[in-house]
Amino acid sequence: MSPVPADPTVLHPMPGQPRVVQLKPLVTSALIEVGEYSYYDDPDDATAFETRNVLYHYGPEKLVIGRFCALGTGVRFIMNGANHRMDGPSTFPFPTLGGSWADHFDLLAGLPGRGDTVVGHDVWFGHSSTVMPGVRIGNGAIVAAGAVVTRDVPDYTIVGGNPATPIRTRYEDADIARLLAVAWWHWPAEHITEHIRTIMSGTVDELEAATPGSPAQPAG
C-alpha cells in the first residue's frame, strides 16, 4: 500500500471520472465551508455544485460540511432564502419580480431563519436527498436516497423518508460515545493512511487501539 495519502487539493480525484469532485477545492462562496476529502458525484456537472445543489443561498446563513462526507447525485441543500412570508393572506413574494413592486422589498426583510445548516464528519448522503434550512446532521449519519431532512439528525443515525425519520442507529449509545471520542476524521492524513482498513471495516475496539497516543500506538 502506498504510504502517500490522497491529495485533498485535487478537484477530480478519480482519473477519467469528471463526475466526482472534491468540494473543498471547488467552492468559492464565503458562505460555504467544506472540510477536506468531502466529495460530490454527478454525471451532469459536478462542478456546478454551488449553484445547482445549494439553493436560495442569499445569506447570511452558512452551509458547513465536515470532512470525509460523501454526497450522491442530486443532493440539495435548501437555504433560508427560500422562506416566504406566511403572516398575511398571500405567500407570494411580489417585490422579487421588480418594477414598482420592488418598492415593497422591506416586506421580505427579516424573514425568520433557522440559522446555519451544519453537516458533521463522515456523513453519507444518498441520491437526491434534500436538506432543509438550519438542519444539523451529526457525525457518521446516513441520509437515505430521496430523504427530505427537516429536523436535526443525531450522530451515527440512519434517516429516510419525507419527512425523514430515524430508521436505526448504527451503533449502541456507548459505542457512539467512543467513536466520537476517537474522532478519526481529525487524525493526521498519514495515520489515516496507515489504518484505512480499520477505519472502513474494523471494530470500535480496533479503532480505539489505532488512535494516535493510545497505548497500542508507538510513541513518537
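Brief remarks on what is shown
- Elements of type helices (runs of 4 or more DSSP H) in segment 178-220, at least 3 residues being within 21 Å of residue 36 (Cα to Cα): 189-194, 196-201
- Of the residues 127, 104, the single one that is in contact (Cβ under 8 Å) with a residue 40 or more places away in the chain and either polar (S, T, N, Q) or not in a strand (DSSP E or B) (or both) is 127.
- Only a single item in (1) closer than 30 Å to residue 108 by Cα; (2) in contact (Cβ under 8 Å) with a residue 12 or more places away in the chain; (3) assigned to a loop (DSSP other than H, G, I, E, B); (4) open to solvent by 20 Å² or more (accessible area, probe 1.4 Å) is not met by residue 88, and it is number (2).
- Residue check, residue 110 in a loop (DSSP other than H, G, I, E, B), at pLDDT below 95, on the phi > 0 side of the Ramachandran plot and not hydroxyl-bearing (Ser, Thr, Tyr): yes
- Counting the residues of segment 85-116 that are within 25 Å of residue 149 (Cβ to Cβ) and either under 25 Å from the mean Cα position of the chain (by Cα) or of a type in the set (Ser, Thr, Tyr) (or both) gives 7.
- Qualifying residue in segment 152-160 (condition: under 21 Å from residue 119 (Cα atoms), loosely packed, with under 15 Cβ neighbours inside 10 Å and in contact (Cβ under 8 Å) with a residue 12 or more places away in the chain): yes
- Among residues that are open to solvent by 80 Å² or more (accessible area, probe 1.4 Å), outside any loop (DSSP other than H, G, I, E, B), closer than 26 Å to residue 114 by Cβ and free of Cβ contacts under 8 Å to residues at least 60 places away in the same chain, residue 28 is not included.
- Test: residue 3 is open to solvent by 60 Å² or more (accessible area, probe 1.4 Å), touching a helix residue (DSSP H, G or I) at 6+ places or on another chain (Cβ under 7 Å) and part of a loop (DSSP other than H, G, I, E, B): yes
The values are calculated or read from the model by the stated rules, or taken from the named source; none is laboratory data. Note that this is a predicted model, so its numbers are computed, not measured. Reconstructed Cβ throughout: ideal geometry from the backbone, glycine too, with neighbour counts over all protein chains shown. For accessibility, only protein heavy atoms count, side chains too; no ligands or nucleic acids. Shrake-Rupley method; radii C 1.70, N 1.55, O 1.52, S 1.80 Å.
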